[in-house]
Amino acid sequence: MRPLKRRTNPRTGRTVLGRLAPALLGVDATTPDGHLNPAIAQVPYQLLSALAGTLIEAEDRGAKLAVFVAHTFKTAKTTDALINAITQRLPTS
């Protein structure tokens, strides 16, 4: 496995994934040798980004509860096998 290519914020020196993974999942985004942490390798980045956005919006509005809903559009080109494969990649807790 190759080291993870990272886009580093020049101001903070941290990557977006490096901030999101610990904050939302409680684990580091990378292993000590710079590779992507296998514990989060299957979690889509867009999911982490959307969760972070949900929490930020809830905090901005002073909400005590935030709800995040993920949905899948099923079309003629979408198969049950594809939906199941995506679902299996999502964290369960």
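Quick note: the coordinates plus some simple rules give every number you see, no bench work behind them. The structure presented is a predicted model; accordingly, all values stated were derived computationally and were not measured. So basically every Cβ, Gly included, is an ideal-geometry build from the backbone, and we count neighbours across all protein chains shown.
Before moving on, here are some points about what is shown:
- Cut-off under 5 Å, modelled amide H: who pairs with Thr15 long-range: Asn9
- Taking region 16-89 and dividing mean pair separation by its residue count, relative contact order in percent (alpha carbons under 8 Å, at least six apart): 22 percent
- Cα gyration tensor shape of region 16-89, rounded if a/c is under 1.5, else prolate or oblate by comparing a/b with b/c: oblate
- Residues Ile56, Ile40, ranked from the fewest to the most other C-beta atoms within 10 Å, line up as Ile56, Ile40.
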